[in-house]
Each structure stands twice: as C-alpha cells, then as structure tokens.
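Report on the structure given below.
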Amino acid sequence: MKLSALARKQVPSTTFGIPGKRAYPMPDASHAANAKARATQQVNAGNLSPAAKQRIDAKANRVLGRGK
C-alpha cells in the first residue's frame, strides 16, 4: 500500500515509529517490516540513534504481532 501525501496526513501520529516527526509510518505489516529495515540502515549510516531504532523496532514488532 503506497501512502499518498493526503493519506499520510490522515494517519494518526501513534501509527508512526517516531510520532513527533511522523517518520517511519506503520499502518500495516509491510510498512512495519520496511520501517525496521530502514531504521537499521539509518543507524548504520549514523543518522539515527540506537535508542530510536529500538523504539521503532518495538512498535514494528507489535504491528507484526511479534512483541508485547
């Protein structure tokens, strides 16, 4: 599912891995898996802190049904 700009604006902030920035949207399982992959890339590139990645991974795991 591709999110248009309008659709992205309508997604609740709680659906994002980083709600304050509305980054790493996770409206479904495919977006959650993608968010985990992109977060890993950004940590490796030095653009994201490991703590932020942990929050994104935890949220993604909940969406994917793999966590609390």
_Within the range 16-46, tally of residues that are of a type in the set (V, I, T) and either open to solvent by 60 Å² or more (accessible area, probe 1.4 Å) or within 8 Å of the chain's Cα centre (by Cα) (or both)_ = 1
*1 or more residues touching a residue at least 24 places away in the same chain (Cβ under 8 Å): qualifying helices (runs of 4 or more DSSP H) within the chain*: 29-45, 50-64
*Only residues that are open to solvent by 50 Å² or more (accessible area, probe 1.4 Å) and in contact with a helix residue (DSSP H, G or I) (Cβ under 6 Å, 6 or more places away or on another chain): list them for the range 51-63, please.*
V63
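The values are calculated or read from the model by the stated rules, or taken from the named source; none is laboratory data. Computed from a predicted structure; not experimentally measured. Methodologically, a virtual Cβ is constructed for each residue, glycine included, from the backbone with ideal geometry; neighbour enumeration extends over all protein chains shown. Ligands, DNA and RNA are excluded from the accessible area calculation, which covers all protein heavy atoms including side chains. Shrake-Rupley method; radii C 1.70, N 1.55, O 1.52, S 1.80 Å.
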